[in-house]
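Taking it in order: structure first as structure tokens, then the write-up.
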Amino acid sequence: MKTELILIGKTTDKHFAAGIDDYRERIGHYMPFNITVIPELKNTKSLTEEQQKAKEGELVLQKIQPTDTVVLLDEHGKEMRSVEFADWLQRKQNTAKRLVFVVGGPYGFSTAVYERANEQLSLSKMTFSHQMVRLVFVEQLYRACTIIKGEPYHHE
């Protein structure tokens with residue numbers, strides 16, 4: 001199974017970027033993993049929040065294939081413990097051809113993206129910056145890979 005993470009805008013914090021790159025490399029030892037960055041929209045001051053979400057949504061949907069299993073990282077999504085996420089990921093590996101996770105822009109997702117999504121996951125009840133969510137997610141994906149393989153990274 002191929003796994004993809006779609007992001008709106010590049011990671012600007014160099015410390016987060018370094019951590020994300022480290023985990024991307026580590027995840028690559030377990031599964032094909034790619035991060036696709038959709039450039040931030042220009043001249044957004046003239047757009048309403050809904051217009052910005054719609055434009056970002058169009059760009060996200062262009063990156064998604066009809067057979068993809070799409071999971072939005074969303075504050076209203078299902079919460080799981082790391083071990084539960086690993087079990088969930090293992091089941092997806094048996095059923096999904098390509099698993100695509102999406103981190104939305106500053107205002108979240110458009111209705112069209114919600115309609116296309118297969119599932120929504122929440123990383124926490126707390127709110128994180130869009131920069132930090134990326135790092136937290138790739139660490140959790142790596143952690144899930146090590147749990148699946150029975151490696152000692154995760155401790156109960």
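If we scan segment 18-29, do we find a residue that is at pLDDT 95 or above, part of a strand (DSSP E or B) and within 13 Å of the chain's Cα centre (by Cα)? Steps first, answer last, please.
Our first condition is that a residue be at pLDDT 95 or above; within segment 18-29, this holds for 18-29.
Narrowing further to those that are part of a strand (DSSP E or B): none.
Within segment 18-29 (the criterion being at pLDDT 95 or above, part of a strand (DSSP E or B) and within 13 Å of the chain's Cα centre (by Cα)), the answer is no, since none of the residues qualifies.
Hey, which of the helices (runs of 4 or more DSSP H) in segment 35-138, taking only ones fully inside, have at least 3 residues that are open to solvent by less than 40 Å² (accessible area, probe 1.4 Å) and modelled with pLDDT of 95 or more? It would help to see each step written out before you state the result.
Working: elements: 49-62, 82-95, 111-116.
Those helices (runs of 4 or more DSSP H) span 49-62, 82-95.
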Requested in this report: Return yes when Val60 is within 13 Å of Leu5 (Cα to Cα) and touching a helix residue (DSSP H, G or I) at 6+ places or on another chain (Cβ under 7 Å) and no when it is not.
Outcome: yes
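If I ask for residues that are assigned to a helix (DSSP H, G or I) and open to solvent by 70 Å² or more (accessible area, probe 1.4 Å), which ones from segment 1-17 would you list?
Selection gives Lys14, His15.
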Query raised in the report: If Thr12 satisfies every condition in (1) without any contact (Cβ under 8 Å) to a residue 60 or more places away in the chain; (2) over 24 Å from Glu151 (Cβ atoms); (3) of a type in the set (S, T, N, Q) but one, which is the exception?
Result: (1)
Requested in this report: With the condition kept exactly as written, say whether any residue in segment 141-152 is of a type in the set (Asp, Glu) and open to solvent by 40 Å² or more (accessible area, probe 1.4 Å).
Outcome: yes
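The values are calculated or read from the model by the stated rules, or taken from the named source; none is laboratory data. This is a predicted model, so every value here is computed, not measured. No Cβ is skipped: glycine too gets one built from the backbone with ideal geometry, and neighbour counts run over all protein chains shown. Please note that ligands, DNA and RNA were not included when accessible areas were found on the heavy atoms of the full protein model with its side chains. Shrake-Rupley method; radii C 1.70, N 1.55, O 1.52, S 1.80 Å.
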